[in-house]
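To start, the structure under review is shown below, and the notes come after it.
The values are calculated or read from the model by the stated rules, or taken from the named source; none is laboratory data. The model shown is predicted, which means the values in this text are computed figures rather than measured ones. So basically every Cβ, Gly included, is an ideal-geometry build from the backbone, and we count neighbours across all protein chains shown.
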Ligand SMILES: [Ca+2]
Ligand SMILES: [Ca+2]
Ligand SMILES: [Ca+2]
Ligand SMILES: [Ca+2]
Ligand SMILES: [Ca+2]
Ligand SMILES: [Ca+2]
Ligand SMILES: [Ca+2]
Ligand SMILES: [Ca+2]
Ligand SMILES: [Ca+2]
Ligand SMILES: [Ca+2]
Ligand SMILES: [Ca+2]
Ligand SMILES: [Ca+2]
Ligand SMILES: [Ca+2]
Ligand SMILES: [Ca+2]
Ligand SMILES: [Ca+2]
Ligand SMILES: [Ca+2]
């Protein structure tokens, strides 16, 4: 019962290929009147498991309450696409997305959740939160 | 791999074509006894994305606690139909519906939510709240 | 594009055909020991829209915490059947059911909810509450 | 363990109140080119059980292949509304709808199905077919 | 439109055929360390309606936080089977199961819920709670 | 690891308590015009497993094409209730229901299906058919 | 009980604003080897009901077996967007889409289905087929 | 990015530990009248993957038409339990179950299907058939 | 109605074959910045019922808030696989997994839940919690 | 309303990076006795759209009837992973997978289906078939 060895047919990048520059803020026109609760879902996220070198697939959920800026959705799509061939633990992916989003749109509140599809039968979800001091 | 250019086959309007005049209040007969929690769902909302000029589709949910007036449902249907060819960010649509509804029926509480169908795989939801001072 | 006129093929009654006499209380045998939380669902409710004269269909949900009496379910079925050809706004139906139920079984707590099926794409839900003073 | 008697709070009509006159045909513009398969669903049908005098609720499904005429949907809604207070076995309702529809739009093929909600735990479905000779 | 009379083809028992003796406690090995939240679901419960003499079907849910004892599941199955031909209102069934379970395993907390399938279109749910003094 | 013995808390009957006399035919008014396809579902069927003496639960589905008679639904409910405390293999239950129904309403076609809930993780479905010679 | 009159807040176009020029064929590279079965679904279709002047919403499904050409999906999106403010019966919409698609990609087989959301409780589906002679 | 090695914490058996002796036939009482279609589902099947030595989980479905014998369900449960620690490709498992069942109950027809849960994201289903010559 | 005896076709182990050594911690890189909420689900858990000697199947859910360490998922898979042939009550399994996980990754918070599939119709869920002192 | 330009953050490959060498056949042990129907599902497929350079996501389904060989599932996983950064129309992807699989395991029958997630609201499915001559 040998376990044949395969090479992954693509190159794995490190996290420094990812830049928050792709994220574009847009002005929130109702800032003077009230805030708003926003939930964005990208069910087609993919990156690479640093233990196995194999693709990880999942859903990224971003919940936030803006201050003066919203995130432009198309720019967020391109930002998340940067993780495609990067090898990172999902617990760290969730934290990095949170840090980058907070640095660009400076919200009152934000929570980032990653729901990852099963590997060896086991699925997992991680979520991290930021509250403006 | 060129990305062919298409013209949108309809004219995009601005938000000033929308009037709260279409919204009709009806008297709430039990005002002297107790209030009531109401949730209205319109899953066939459509407007236009101001970034791409393409249709946005979604569900508008209005939750409120009336004071002396309810909103008449058919008048609400015609009010929401005014957004059909208007170009607005959904975060601002949700706020404008809230402002117009509050001005017409003057409720104790109201929350407006917009759930928008996926674009580039990404879906989003926004909701804004009003509490009578 | 003319919009043909139809007459509704049945007579619409007013709310005074409805009597709370049909509701029968039964004794709650465990009153001395503890109360109980009860939720009753009638998904086959129908009445008539007073704006259009057309049938309204929906689900009536009654949640309560009895004091000394329960409502007998078959008597509740006949009570709700009285609304079949009555023309009332659903926000007022919910309040009238609550008033009639409270007068007959005198509960510690009661909430009545009406969930109405879509009209012109729009669905709505209303719920009113009573707490024994 | 007595089984209390209740009177139904509305009058039950017989089938002769129903007229196929309410059904309006509209011209099928592509008759010369090809036919089309159509399926219409009315999930809010109600009539009265002739055994118990109690409301029957269900879904009426009409599938057909038109020849020269389609049925106008609003006229069909008013036609079906005529059964609201009529006492008929559902197996006969399905046949009567089929006869009336065939007489008005004269299709190449038609099937009428009635799906009735549970009574005493038991639900039932009946369907009858017509093929143009 | 006569409503034919049928005799129920089985004998209805009274509540005194039910004994809590069938319930068997087992020792909770982690009592000294921490408690645990347990939820048991029996979706195949049946008893008899005392108004109509007809079977009632439903789901019994038992949620508890043990002190020194757990309930053995097979003994619970046989305990609940005792209600099969007993005529009791479900609001009283829920209270009796709670009393019997508390007397045998003496928990820190327990809640018993009965969800009953529709009769005449109407379904209902009842739940009662116990907190160790 | 002993497997404690329990006695079933009710008496198990044999199949001869079941009589087809409870089944009532009603006239099919459209016999001269066309037949109809009927499907009846009783999801609250119960009988007893002859191997273990424990309740079996399941759904009985009767599909048929009548000749001159339909089965009256309330009579069918009482007929099926006769199996409540009878010990029979489900493969034989399905055949007995088919034989009794055929003898009373003499259909053009009939199929009886029993879908039984899991025992020891294993669920099973059986169905038998009759075609009028 | 008057039925207030509303004007639709947008202009309704006629079918001649729609051109099949927007549809772009792409070459099917495996034509010499085998054909392929393709099913395309656009759940965000909208046009206008010519009876009421109100929006119709639905899903357009195109199933085909190409000969030498496929349809490019982005061009199909822009083609279908042309119906947004056009007033047509859905039975005719389905036929027009079929005619336009067949003229541009000349398939071995094609079926167009339109599933329309409920109006007055009634939903409907229509589908038309083409087979290459 | 090393891939740590783990040893499986149980012994893997070969297929010869499995005996069809555990399967018990029971007589089919209606053999002289008609056959019956039976479908048995065991959703808690488990065996071991011979490539990786890891557990495989899935659902085994057995569909058959008996001649003179049925399979007793509890005996089938014990028969299937024999595969728990056996290392076999699922395509061969399905064939072995089919051979063993056919040898014991000699049916007119039998089909065995195995639906296996995802491994590395990939799920698979296999089914083999037997028809009595 | 005898209840045939079967021998379980595999050996049942005791809990001392299980070692927490298989669980591998990995460093949580964002410890200095913020914690994270993690939920891991293994729906393919199996062990053995100590009352019957038969397999128990279920889902193990681990929710935690790490301090300095995460659990490596593949190591968790192998850890849980150790229970495959062990005979333990599920209420004790949940506690043992919690103790072992806490000893290895020392989290701020952890909750372990076991959802077990039905036996004799009855399913059950148990969950235990740990909060860092 | 400008439409900002983004560059895709990864390199797109052409189809010649894909080799069928990764697919490993395994012997079908029951070839002499009977064939088997197999259905394999990979819901985590991804490649790149050659029109937009953006990721396409979908499910690949392979249904086949083997002759002398099965495909080893882990080798299939690595084979499909080769498409990750390749730019191909999905209609051609389905054909290429079919060609490669047929060349390696030479089945009696095979069908490959690709179900692709929505782009611009539009989803599509394609499937191609092979029958051994
Ligand atoms: Ca930027
Ligand atoms: Ca991983
Ligand atoms: Ca106004
Ligand atoms: Ca947009
Ligand atoms: Ca009274
Ligand atoms: Ca007419
Ligand atoms: Ca009836
Ligand atoms: Ca005892
Ligand atoms: Ca009789
Ligand atoms: Ca059994
Ligand atoms: Ca063109
Ligand atoms: Ca319309
Ligand atoms: Ca034997
Ligand atoms: Ca495997
Ligand atoms: Ca270790
Ligand atoms: Ca090779």
Please tell me if residue D:32 is more than 10 Å from chain G (Cβ to nearest Cβ), crowded, with 21+ Cβ neighbours inside 10 Å and at negative phi. no
Filter the stretch F:97-114 for residues that are buried (at least 19 other Cβ atoms within 10 Å of the Cβ) and at the interface with chain H (Cβ under 9 Å from one of its Cβ atoms); the one that is farthest from ligand 16 (Cβ to nearest atom) is F:98
Is there a residue being away from ligand 1 (no atom under 16 Å from the Cβ), at pLDDT below 95, surrounded by 15 or more Cβ atoms within 10 Å (Cβ to Cβ) and over 17 Å from residue J:84 (Cα atoms) anywhere in the stretch A:51-60? yes
Within the stretch C:117-132, restricting attention to residues that are more than 9 Å from chain B (Cβ to nearest Cβ) and at pLDDT 95 or above, which residue is farthest from ligand 6 (Cβ to nearest atom)? C:132
Does residue C:53 qualify as being free of Cβ contacts under 8 Å to residues at least 60 places away in the same chain, within 20 Å of residue B:29 (Cβ to Cβ), within 14 Å of chain B (Cβ to nearest Cβ) and not in a strand (DSSP E or B)? yes
Scan the stretch B:115-133 for residues that are under 13 Å from the mean Cα position of the chain (by Cα) and surrounded by 21 or more Cβ atoms within 10 Å (Cβ to Cβ) and jot them down. B:116, B:126, B:128
Assuming residue I:94 fulfils every condition listed in (1) surrounded by 22 or more Cβ atoms within 10 Å (Cβ to Cβ); (2) within 16 Å of ligand 15 (Cβ to nearest atom) apart from one, which condition is it? (2)
From the residues in the stretch D:25-50 that are more than 16 Å from ligand 7 (Cβ to nearest atom) and touching a residue at least 60 places away in the same chain (Cβ under 8 Å), which one is nearest to residue D:106 (Cα to Cα)? D:25
List, please: which pairs have Cβ atoms under 9 Å, are six or more places apart or on different chains, and start with a residue in the stretch I:7-18 that is over 19 Å from residue H:48 (Cβ atoms) and end with one that is loosely packed, with under 13 Cβ neighbours inside 10 Å and at pLDDT below 80? none
Test set (1) part of a helix (DSSP H, G or I); (2) at pLDDT 95 or above - residue G:74 fails condition number: (2)
Tell me which residues, restricted to the stretch J:77-91, are facing another protein chain (nearest Cβ under 7 Å), in contact (Cβ under 8 Å) with a residue 40 or more places away in the chain and assigned to a helix (DSSP H, G or I). J:78
Enumeration of residues in the stretch G:121-133 that are assigned to a strand (DSSP E or B) and either closer than 24 Å to residue G:51 by Cα or out of contact with any helix residue (DSSP H, G or I) (no Cβ under 6 Å at 6 or more places or on another chain) (or both): G:122, G:123, G:124, G:125, G:126, G:127, G:128, G:129, G:131
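Consider residue H:110 carefully, then state whether it is more than 16 Å from ligand 15 (Cβ to nearest atom) and modelled with pLDDT under 95.
no
Looking at the structure I just gave you, is residue C:118 free of Cβ contacts under 8 Å to residues at least 12 places away in the same chain, in a loop (DSSP other than H, G, I, E, B) and more than 27 Å from residue E:58 (Cα to Cα)?
So residue C:118 does not fit the description; no.
Here's the yes/no breakdown for (1) surrounded by fewer than 19 Cβ atoms within 10 Å (Cβ to Cβ); (2) within 30 Å of residue F:129 (Cα to Cα); (3) under 18 Å from the mean Cα position of the chain (by Cα); (4) more than 9 Å from every other protein chain (Cβ to nearest Cβ):
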site	(1), (2), (3), (4)
H:9	no, no, no, no
H:20	yes, no, yes, yes
H:26	yes, yes, no, no
H:46	no, no, yes, no
H:66	no, yes, yes, no
H:73	no, yes, yes, no
Unmet criterion (only one of (1) more than 9 Å from every other protein chain (Cβ to nearest Cβ); (2) surrounded by fewer than 20 Cβ atoms within 10 Å (Cβ to Cβ); (3) part of a strand (DSSP E or B)) for residue I:16: (3)
